[in-house]
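Q: Following this message is one structure expressed as structure tokens.
We did not get these values from a lab; they are worked out from the coordinates using the rules stated. Just so you know, these numbers come straight off a predicted model, no measurement behind them. Cβ: placed from backbone, ideal geometry, glycine included. Neighbour counts: every protein chain shown.
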Amino acid sequence: MPRNRMLVALVVGALTTLGASGDAQAQKYGGVLQATIRSNPPDLSIHESAVVDTTESMQPVYNNVVVFDVFQKLETLETVVPDLAESWNWSADGKELRFKLRSGVTWHDGKPFTSEDVKHTFDVVRGVSKARLKLNPRKLWYANVKEIVTRGDHEVVFKVGRYQPSLVVLLACGCSPVYPAHVSPAALRTTAVGTGPFKLKEYVREQRVALEKNRAYFVKGRPYLDGVVLNIIRNPTSQNAALVSGQVDVGTINDTPKPLYDQLKAADPTVQFVPTPSNATLNIIVNTKKPPLNDLRLRQAVNLAMDRNALIRSIYQNGAVPGGAMIPAPYGYWGLTPEQLKTMPGYGDPEANKSEARKLLAEAGYGPNRPLKIVISTRTNLAYTGPAAWMISQLADVGVQAEMKSIDTGTWYGMVARRDFQLGMNATAIGVDDPDAVLYENYACNSQRNYSDYCNPELEKQFDAQSVETDKAKRQQLVREIDMTLQREVARPYLAYRTFYYAHRAYVKNWLPHTSIFNGWRMQEVWLDK
């Protein structure tokens, strides 16, 4: 049985007396941080969204039960710190995860925060409440939670079917904020009522998301800023121009790849960068239920046609690395090694792969006189249309005729949830680098985010086996075996893990992007040295 694991209460603010670089520098109060995001948030509800534009916009508004240390780029169990909870512990039998909550915390509308808010939030996410979410992309994160009970206003208990150490990690994700029980989930699509360091001031589509300081925030002395404005600028050239001209202090906060980095560096050498290997992947989703790609041979051919190293050299100018379902080392812990990747279909010799792809197409009845014709759906942003055009050229090499269909980000997730596509050039980022987040969300048979509808009940049993394993090395081995099976069965072909070069002005302090693009945007520690 697992030991009782009490975590001593910490004051989050005590972690931030030093800057992110460790320099003892006096922080300054005031100012409004001007940043950039590339798309309209589809709505304002983090729990109903799989798109990072919502999470990064609304994360400053909310708190979690626990959260990741803002100054640690890679999110792990060891970097979880208190947030709305002061402390937590597992019961001796591993069947209860207990949280002692803070007192004196208020919602932005003045109502008190209590344990009922935590219970309400995760009962809604688990789908056992009368209140329902329109979309629920992370429901399976909490499938092991059997009941949530309150013990007074300041204690809440998650009762689980099996000991699950990573449950704490899932709760720390920026995708897991606590919602107010007195505000309906439907209302939180168009407004925001949180306990966080900033309050929603306005959301003007195609213009900005504006946040203002919460002067009643429970962390003493935070936030430093008077506000944050996220300017919606779709065009990458315009994003760069906004930073160079001084219109914004921070570049696009979730997508500055190597080519944009090179452009910015040449345009203004004074711009500073935080290169951050990201768990944001470029991948292919395949409609396995809809002809013609319900034929495994065709899915294998598509996968084999992709020269991943050519993509990394051309589109990303070596600002990316190949990987499987989990981000590879040294950027993460769980991913396949380079040696293991080379043995996977689509990762070896590109010419041999393309030859094998042509054979598979011929076996399925396709060739020069009867080419396979498919439509590749992707989002309208250049970050997706560029790789989609590259993908069309790769498929042409093996005799497949493909055309692109561009979809606005606001409607993209609804479209893929309905499986209204043949083939998709997709980008996916998971809230945390943990197998429990990645495997259940992307590959469980009944997950909303299992866009390819891959289903392997026997392999899913291994999801549970790795989840309960407390020996980290043994768990890593189990996860890598699962990952290799996913690659062999073409569950969701991965093309690259991208490095983002987060751009900012030198006077922006405590700006430290995380490996997961869904974390690190609370903004309570950021300040302006001007």
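Q: At 1.567 mPa s and 4 °C, plugging the Kirkwood radius over alpha-carbon pairs of segment 278-499 into Stokes-Einstein gives what diffusion coefficient in µm²/s? Can you show the working numbers first?
A: Numbers: Rh = 17.6 Å.
Taking Rh from Cα pairs, D becomes 74 µm²/s.
Q: Hey, another quick one. Can you return the lysines within cross-link range of Lys111? Criterion is Cα-Cα under 24 Å, with same-chain partners fewer than 8 residues away left out.
A: Lys100, Lys119, Lys130, Lys199, Lys201, Lys213, Lys220
Q: At most 13 other Cβ atoms within 10 Å and a DSSP loop assignment: could you name the trypsin sites (Lys or Arg not before Pro) in segment 405-509 that fit? Kindly include the intermediate steps, with their values, before the conclusion.
A: On the way: sites: Lys405, Arg418, Arg419, Arg449, Lys461, Lys472, Lys474, Arg475, Arg480, Arg488, Arg498, Arg505, Lys509; in loops: Arg418, Arg419, Arg449, Arg505.
Hits after loop and neighbour filter: Arg418.
Q: For segment 229-333, give the magnitude of the charge dipole about the Cα centre (Cβ charges: +1 Lys/Arg, -1 Asp/Glu; no others), in debye to the nearest 20. Numbers along the way, then the final one.
A: Numbers: 9 positive and 6 negative charges, 104 e Å.
Around 500 debye, computed over segment 229-333.
Q: Once you list every other residue whose beta carbon is under 13 Å from the beta carbon of Ile407, what net charge do they have if Lys and Arg are +1 and Asp and Glu are -1?
A: Numbers: positive: Arg379, Lys405, Arg418; negative: Asp408, Asp420.
Here the charged neighbours net out to +1.
Q: Another question, if that's okay. For segment 278-499, what proportion of DSSP beta bridges, expressed in % and rounded to the nearest 5, is antiparallel? Present the calculation step by step, with values, prior to reporting the outcome.
A: Working: 12 of 21 bridges.
Roughly 55 percent of the DSSP beta bridges within segment 278-499 come out antiparallel.
Q: Can you compute 3J(HN,Hα) from phi for each residue in segment 124-134, using the Karplus curve 6.51 cos²θ - 1.76 cosθ + 1.60 with θ = phi - 60°, rounded to whole Hz and x for Gly and Pro?
A: 5, 5, 6, x, 10, 9, 5, 6, 10, 8, 5
Q: Quick check: net charge around Asp420, other residues with Cβ under 15 Å of its Cβ, Lys/Arg +1 and Asp/Glu -1?
A: Values: positive: Lys289, Lys290, Arg379, Lys405, Arg418, Arg419; negative: Asp408, Asp453.
My count for the surroundings of Asp420 gives +4.
Q: Given the rule -39500 (n - 2.57) for each run of at least 4 DSSP H residues, summed and divided by the residues of the chain, what is its mean residue ellipticity at 222 nm, to the nearest 500 deg cm²/dmol? Don't skip to the answer; put the middle values down first.
A: Values: 14 runs with 143 residues, N = 530.
My calculation for the chain gives -8000 deg cm²/dmol from helical runs alone.
Q: Treat every Asp and Glu Cβ in the chain as -1 and every Lys and Arg Cβ as +1, leave all other atoms uncharged, and give the resulting dipole magnitude about the Cα centre to the nearest 20 debye. List each step's numbers first, then the result.
A: Details: 62 positive and 53 negative charges, 126 e Å.
Charge dipole of the chain: 600 debye, to the nearest 20.
Q: Once amide H atoms are built 1.01 Å from N in the peptide plane, which residues 5 or more positions from Thr281, or in another chain, come under 5 Å H to H?
A: Residues meeting the criterion, in which the H sits 1.01 Å from N, are Thr428, Ala429.
Q: Each residue of segment 521-530 in order: what ³J(HN,Hα) in whole Hz does its phi give by Karplus 6.51 cos²θ - 1.76 cosθ + 1.60, θ = phi - 60°, with x for Gly and Pro?
A: Result, ordered by residue: 9, 5, 6, 6, 9, 6, 9, 10, 8, 7 Hz.
Q: Hey, another quick one. Could you tell me what % of all Cα pairs in the chain have separations over 34 Å? Spell out each step's value before the answer.
A: On the way: 51092 of 140185 pairs.
Of all Cα-Cα distances in the chain, 36 percent exceed 34 Å.
Q: Taking amide H positions as placed in the peptide plane 1.01 Å from N, state which residues far from Ile376 in sequence (5 or more) or on other chains have amide H under 5 Å from it.
A: For Ile376, whose amide H was placed from the backbone, the distant partners under 5 Å are Glu403, Met404, Lys405.
Q: With viscosity set to 0.890 mPa s and temperature to 25 °C, compute the Stokes-Einstein D of segment 17-145, Rh being the Kirkwood radius across alpha carbon pairs; µm²/s, no decimals.
A: Details: Rh = 17.6 Å.
My calculation gives 139 µm²/s for D.
Q: Where in segment 175-222 are there trypsin sites (Lys or Arg not before Pro) that are in a DSSP coil and have at most 11 other Cβ atoms within 10 angstrom of their Cβ?
A: Passing both the DSSP loop test and the Cβ count: Arg205, Arg215, Lys220.
Q: What do you get for Rg/Rh of segment 152-259 when both radii come from the Cα atoms and Rh is the Kirkwood radius? It would help to have the intermediate numbers written out before the result.
A: Values: Rg = 18.3 Å, Rh = 17.4 Å.
The Rg/Rh ratio comes out at 1.05.
Q: Restricting the count to DSSP beta bridges whose residues both fall in the chain, what percent are antiparallel, rounded to a multiple of 5? Show your work: numbers first, answer last.
A: On the way: 52 of 68 bridges.
For the chain, the DSSP antiparallel bridge percentage is about 75.
Q: Which of the aspartates and glutamates could a cross-linker span from Lys95 if the Cα-Cα distance has to be under 19 Å and same-chain partners fewer than 8 positions apart are dropped?
A: Asp123, Glu147, Glu155, Asp436, Asp464, Glu469, Asp471
Q: If you don't mind, there's one more thing I want to ask. Please compute the net charge surrounding Tyr333, taking Lys and Arg as +1 and Asp and Glu as -1 over other residues with Cβ under 12 Å from its Cβ.
A: Working: positive: Lys472, Arg475, Arg480; negative: Glu75, Glu78, Asp433, Asp434.
That sum, taken over residues with Cβ under 12 Å, equals -1.
Q: Here is a further query. Starting from a Cα-only point model with no solvent, please compute log10 I(q)/I(0) by Debye for segment 55-109 at q = 0.29, 0.31 1/Å.
A: Rounded to two decimals, the profile gives -1.19, -1.22.
Q: Quick one: how many lysine pairs in segment 278-499 have C-alpha atoms under 25 angstrom apart, if they're 8 or more apart or on different chains?
A: Taking the Cα cut-off of 25 Å, the pair count is 19.
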